[in-house]
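K.L.:
One structure is given below, represented as structure tokens, and several questions about it will come after.
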Amino acid sequence: MIVRMSKIEIIGPKESLMEVLSLIQKRGVLQINGEIKGAVNERVEPHLRSLLMDGKTLSERLFFEDLKVKIDNLLAYLPQVSAKESYLNPPTAINSIASLVPKHTTSCRDISKKKEAAQKELIELNRYAAFLSTVEALLHGVTEDTGLDFIGIEVRDPAALEHLTRIAGHLLLGAEVQTAKTEEGTYIGLLTTEKELSEQLKTALSDNQIPEVSLPPYLEDLPFPEKIKAAQRRRDDLSAEISGADHELQSFAYRWLDLYRKVRAWLEDRLALLKTTASLYETETCFFLFGWLPSADLKKLREILAEKFHDTVVVEEKEILEQDQERVPVVLKNPLYFQPFELLIRLLPLPRYTSYDATPFIGIFFPLFFGMTLGDIGYGIILFLVALALIYLVKHKKNVVDAGKILGVAALYTIFFGWLFGECFGEFGSEVLGLEPICFDRRTAIIPMLYFSMAVGMVHITLGLVLGALSALKRKMRKEALFKLLSVLVILCAVAFSATFLAPVPSLIRKPLLMTILIISPILLVTGGLLGPLELLKNFGNIISYARIMAIGLTSVLLAYVANHLAGSAGSIWVGIFVAVLLHTFNIILGVFAPTIHSLRLHYVEFFGKFMEPGGKQFKPLKKDK
């Protein structure tokens, strides 16, 4: 439901302003409103002026904003660890913190840069190590006193190896080429030639855009075996350097992280207070504060301010005028059962204050439609177990828990309707467990199920129209309210008229029903305009669309029937079990998504459009950050 809101005015001496704001912020129930049109007496309004910051307050705000930026920069370098709890009071230590932050930031930045440089070098060195390991395998058994020089080439395309072989073997002095594939998927070519000819070979390779692998300076002049050992030593040194930097940052975070978090939170709260002053007004001696809060919290706010300031600060509730209706912020609050269904409502824009919260309606009708569509005891039990798993195994994710609760309620409705339809894994319930349909068998009673679905649709649509009429009356739009109420009357008469052809009732009833429709039709044209008749036809189309409940449910029943019969004709008990499990699993998955999507569509498109007005403004009270 949409919480009732109050428009209030708070007046007090200017010197008490920050204390008043601090108490309001601590309470966290008041949204400050900077618009004063219609909020104050016309004689008072000309004397009000926007409350501007004095030099001291402005300097304080700039100081706090700068300090907050500096703390954010410092926190960006720190790991998220379990920090030592700090008992320091931020307001009393703010100047000391301001002097410490630059020093700590410089220190942590230097450590982080050192760590980043080591990580970057380690990544490069790992690539060199892979290259050297491959080259070592190619050099197995070759001694260093052979008088030969070795040139390593790394290529990614195997076709480039042929080009390399042709250049080295045919054009350049018959150099020998050995190739191998690294673990990373690249190819290494090792060219062996006489030392006095190696420079010519390197030049020719460069001219053909085949560059030699360049190693770091501390590896270039070493023999290949020594290069590998030196690379491994450097890798160990870099790993130790990275670990040392991590340890330094973690140690620092353990000592200081909690303190800086508390100071930052305090700065956020203080800046929120200072920024709020831009929405306040003043005279020579008083401040004026206007805002919105839930009506249930008004009494408590009055008591808190009276206890602190006695009669010097006054809280007055103002009348919500017609021009205020568009500005009233919206708060949704529902009983425990309906709260999980707010997950489905959050997919839509917030309703206006003069509209209705659709959460209770979707909490009632969504699981009802879901159960009517799926309607199987066995499927319902499985879905209920899945819902319990979501609720108790994924406790840290609220949206998942709420989805599990919605699924649990829908599963109970599925079990209930499965009992009414006599279904448990399709006809398995009737043939093996002895279940009998209490209402009707959905496989054969297609027309009764169609009538039942459309009857539910009629109730749903007429309820939406009645709510729409009440919402229009709230907004003082009497013509719209009358149009929707008359539409309800026409729908009821049309349904009753159609029922006379099916039920054994006197045909004389038809004439007054038809006359009522004919009399109301011109009034609908006046109240609803030229599009009134089209809107009425749209309502009938909406009711007919509820036939999808029957159609999708029939699909589920027939798929379960097919699964059972295919399993029974498999010729092997194990093959039959496999087929049954596979097809029933598919049916359950389909039976979750299809009823969910179509039930939501019936609400979002057919039902909510009758009464729910989007465009509400979210309630944003002044409060402390948690």
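Derivation of every value follows stated rules applied to the coordinates shown; laboratory data play no part. This is a predicted model, so every value here is computed, not measured. Using ideal geometry, Cβ is built from the backbone for each residue, glycine included, and neighbour counts are taken over all protein chains shown.
K.L.:
Multiply the residue separation of Thr585 and Ile438 by 0.36 nm, subtract the distance between their alpha-carbon atoms, and state the gained length in nm to one decimal. Write down the numbers at each step before the final one.
P.N.:
Values: separation 147, 0.36 × 147 = 52.92 nm, distance 2.61 nm.
Fully extending the segment from Thr585 to Ile438 adds 50.3 nm.
K.L.:
Tell me which residues come under 5 Å, amide H to amide H, from Phe619 once H is placed; ignore anything under 5 positions away on its chain.
P.N.:
Val330
K.L.:
Could you list Phe586, Phe64, Phe341 so that the one with the fewest beta carbons within 10 Å of its beta carbon is first and the one with the most is last? Write down the numbers at each step before the final one.
P.N.:
Values: Phe586 12, Phe64 18, Phe341 23.
Least crowded to most crowded, the residues run Phe586, Phe64, Phe341.
K.L.:
With +1 on each Lys and Arg Cβ and -1 on each Asp and Glu Cβ, how big is the dipole of region 339-610 about its Cα centre, in debye rounded to the nearest 20?
P.N.:
Dipole magnitude for region 339-610 comes out near 1300 debye.
K.L.:
When you take every Cα atom in region 339-610, what is the radius of gyration, and what is Dmax, the widest Cα pair distance, in Å?
P.N.:
In order Rg, Dmax, the Cα atoms of region 339-610 give 21.8, 71 Å.
K.L.:
What nm distance separates the two modelled labels at Gln119 and Met1, each placed 7 Å from Cα along Cα→Cβ?
P.N.:
Rounded to a tenth, the inter-label distance reads 5.4 nm.
K.L.:
Multiply the residue gap between Val81 and Tyr604 by 0.36 nm, knock off their C-alpha separation, and tell me the result in nm, one decimal place.
P.N.:
Values: separation 523, 0.36 × 523 = 188.28 nm, distance 4.46 nm.
Working it through step by step, the gained length comes to 183.8 nm.
K.L.:
Express in nm, to one decimal, how much length is gained between Leu489 and Asp110 on full extension, taking 0.36 nm for each residue of separation and deducting their alpha carbon distance. Let's see the in-between values first.
P.N.:
Details: separation 379, 0.36 × 379 = 136.44 nm, distance 7.74 nm.
Taking 0.36 nm per residue and subtracting the Cα distance, the gain is 128.7 nm.
K.L.:
Which FRET efficiency, nearest 0.05, do Thr92 and Leu348 yield, Cβ-Cβ r, R0 56 Å?
P.N.:
FRET efficiency, Thr92 to Leu348: 0.75.
K.L.:
Moving on. Would you mind computing, in nm to one decimal, how far apart the modelled labels at Leu271 and His565 are, each placed 7 Å from Cα along Cα→Cβ?
P.N.:
The modelled label-to-label distance comes out at 7.0 nm.
K.L.:
Oh, and also: Can you tell me which of 283-289, 83-89 comes out highest on packing, and rank the rest after it, using the mean Cβ neighbours within 10 Å?
P.N.:
283-289, 83-89
K.L.:
Taking R0 as 41 Å, what FRET efficiency do you get between Phe501 and Ser295 from their Cβ-Cβ distance, rounded to the nearest 0.05?
P.N.:
With R0 = 41 Å, the Cβ-Cβ based efficiency is 0.20.
K.L.:
Which FRET efficiency value, to the nearest 0.05, is calculated for Lys538 and His396 with the Förster distance at 41 angstrom and r the Cβ-Cβ distance?
P.N.:
Taking R0 as 41 Å, the efficiency between Lys538 and His396 is 0.40.
K.L.:
So, in nm, how far is label Thr283 from label Ile447 when the simple model puts each one 7 Å beyond its Cα toward the Cβ?
P.N.:
Computed distance between label sites Thr283 and Ile447 equals 7.9 nm.
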